[in-house]
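A.B. asks: This structure is in structure tokens; I'll ask about it shortly.
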Amino acid sequence: MEWLRKAGLKKSFFVLTFLCLWVSLALAALVWFICVKIQSQIPSDGLSYRLDGMIMQLEPLYTEPLTLYQKRVLSVVGILQILSCILFPVCGMAVAGILFYRLKCKVPIEILEESVKRIQNQDLDFHIPKVSEDELGQLCAAFETMRDELLQSNQELWRQAEERKRLNVAFSHDLRNPVTVLKGTVKMLRKQQGACDLQALERLENYTLRIEQYVEAMSSIQRLEQYPVKKKRIDGVALTADLIQTANLLAPQLSISVRDCGIGSVILDYGLFMIVAENLIGNAARFAQKEIDISLEKNGTVFKMQIIDDGAGFPLSLLQNGPKPFGKIEEDAAHFGMGLYSSQLLCIKHGGDLQLENQQGYGASVTAFFACSQ
């Protein structure tokens, strides 16, 4: 049967069908011949049928009539003759289908089903054998090629992920040294009473602490969505003051107005909030003509920060599709096109969202929402 395994599906199906039908017809003919032999052993009561349909009365071979047993035998033999002409070809076709499935389809289908299950479970460390030379064997070979390509792609992705992880760790490690120097410098300046601006020193210390916390966070995560959220209660007056200082540092040439709407105290991740605020204020400063308006508002468990500039507004594609990574509004080597995208991810991480719109006849408006409950 080796030649049959190597033959194509169409050829194998026709060969098996022909052989099974031939055997079934031969068996039907044999049954018919046996039935005729049995019938010849029983008298026919002297009746004979001519070709023109006339019935002739013949001289009976036996004077005795047919017994009940003989009549039943004749009836059963006649039924067998009819059934043999129907059942044997049908059974032959069924046997041909069964043989075709077991010889040509069963093994390849089982191999492919098992391979699909293993690939779905991210298990690519196996081999798919080529079971035959027919179409299903070629399909198994193609599936093996696909599995091998997937394995190589996954290995490359794993390698890149490990490289990114090592790069993050190396970046975090190397950045600790200048951060340590900055912290030491701040301590030295604090010892020199009256030799420096204490407010500037405090700002420098706060930003150094934020850099240190950010470095620690980035050394342990693989995606921005994994950024840890550490909420604490923050005084609204102090938060507004920090925001005013940040806005004046990022946009010193513009007119900045900040309204806090009496927010009192809020429960936020201060570092995460300031990252979003700096990104949004920095973007507004790039496109604003004269002024930036910032408003802070607390509504129940939602804290809202809205930043409006008097620039040209957002492009229609950005409003329709939302922020994308490396999506630059204009070509500028100093900017990477990640500000709005990372801000949106951090807002979502904080239980909120980021909303973009254009103010009619004015400019762009960005609203950041944060969940301010424990």
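A.B. asks: Sort the following peptides by mean Cβ neighbour count (other Cβ atoms within 10 Å, averaged over residues), highest first: 306-316, 276-286, 13-23.
C.D. replies: Packing order, densest peptide first, comes out as 276-286, 306-316, 13-23.
A.B. asks: When we measure straight from the Cα of K349, which lysines land under 20 angstrom away, once same-chain ones fewer than 8 places off are left out?
C.D. replies: Partners within reach: K230, K231, K232, K298, K304, K324.
A.B. asks: Rounded, prolate or oblate: which fits region 75-158 when a ≥ b ≥ c are the square roots of the eigenvalues of the alpha-carbon gyration tensor, with rounded for a/c under 1.5 and prolate only if a/b beats b/c?
C.D. replies: Since a/c reaches 1.5 and a/b is larger than b/c, the shape of region 75-158 is classed as prolate.
A.B. asks: For region 281-320, evaluate the Debye formula with one uniform point scatterer on each Cα (no solvent term) and list log10 I(q)/I(0) at q = 0.20, 0.29 Å⁻¹, rounded to two decimals.
C.D. replies: Results for region 281-320 at q = 0.20, 0.29 Å⁻¹ read -0.70, -0.94.
A.B. asks: Once you have the alpha carbon radius of gyration of region 76-120, what is it after dividing by 2.2 N^0.38 Å, with N set to its residue count?
C.D. replies: Against the empirical 2.2 N^0.38 Å value, I get 1.99 for region 76-120.
A.B. asks: How much length is gained on full extension from F33 to S265, taking 0.36 nm per residue of separation minus their Cα-Cα distance? Write down the numbers at each step before the final one.
C.D. replies: Details: separation 232, 0.36 × 232 = 83.52 nm, distance 10.47 nm.
In short, 73.1 nm is gained.
A.B. asks: Expressed in nm to one decimal, what extension gain is obtained for the pair Q152 and Q70 from 0.36 nm per residue of sequence separation less their Cα-Cα distance?
C.D. replies: 21.7 nm
A.B. asks: For Q122 and K324, what is the calculated FRET efficiency with R₀ set at 35 Å and r taken between the beta-carbons, to the nearest 0.05?
C.D. replies: After rounding to 0.05, the efficiency reads 0.80.
A.B. asks: Restricting to DSSP loop positions (anything but H, G, I, E, B) with no more than 16 other Cβ atoms inside 10 Å of their own Cβ, which GluC sites (Glu not before Pro) remain in region 86-159?
C.D. replies: E133
A.B. asks: Now for a separate question. Cβ neighbours within 10 Å, averaged per peptide: list 32-42, 248-258 in order, most packed at the top.
C.D. replies: 248-258, 32-42
A.B. asks: How do 366-373, 100-107 rank on mean C-beta neighbours within 10 Å, highest first?
C.D. replies: Going by the mean number of other Cβ atoms within 10 Å, highest first, we get 366-373, 100-107.
Only the coordinates and a few stated rules stand behind these numbers; no lab work does. If you're wondering where the values come from, they're calculated on a predicted model, not measured in any experiment. Neighbour counts are summed over all protein chains in view; Cβ atoms, including those assigned to glycine, are modelled from backbone coordinates with ideal geometry.
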